[in-house]
Amino acid sequence: MQKSSFIAFYTIFFSLLSLNIKAADSNNYPVIAGAWGDGQGGVIVVQANGRFMDVDGKDDYSVYRSSCLLSADWKKAQCHGQGVQYKTGKRFLLVSQWQLEKGKISEHWEAYFGDKNLQGQLLFRPLNNSF
């Protein structure tokens, strides 16, 4: 009976130890989920699920939604989605690349309309009270 208790204790101990190592390792990754702002009225809300993210965004001209895949090191993401310029009613396809660092997201984006393409860069920071 004592031997089985001893084995059970060590099984639980090493399981918890491996969970702590994984949790400590995940602290090396930037916090992504939450609300972010670009300081110019643009806001994104990021929902993360492993290496996948869903992003909903709004700025002075458009609303959009994209899905992203994080790189293995969680420092970059590729995003694809679509949106609408609500002032003109024009739809667009959105492609963006993200650089992720602690406390900021740098985004290079391209929007493809039927008659033109636009591109730009943004820097997002966490909004207060979102984390």
Please give the contour-minus-distance gain from VAL63 to TYR86: 0.36 nm per residue of separation, less the Cα-Cα distance, rounded to one decimal in nm.
-> 7.6 nm
ASP38: net charge of surrounding residues, Cβ under 13 Å, Lys/Arg +1, Asp/Glu -1, itself excluded?
-> 0
Count charges around ASP115 for me, please; just the other residues with Cβ under 12 Å from its Cβ, Lys/Arg as +1, Asp/Glu as -1.
-> +3
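Values in this text are rule-based calculations from the coordinates and carry no lab data. Computed from a predicted structure; not experimentally measured. Neighbour counts are summed over all protein chains in view; Cβ atoms, including those assigned to glycine, are modelled from backbone coordinates with ideal geometry.
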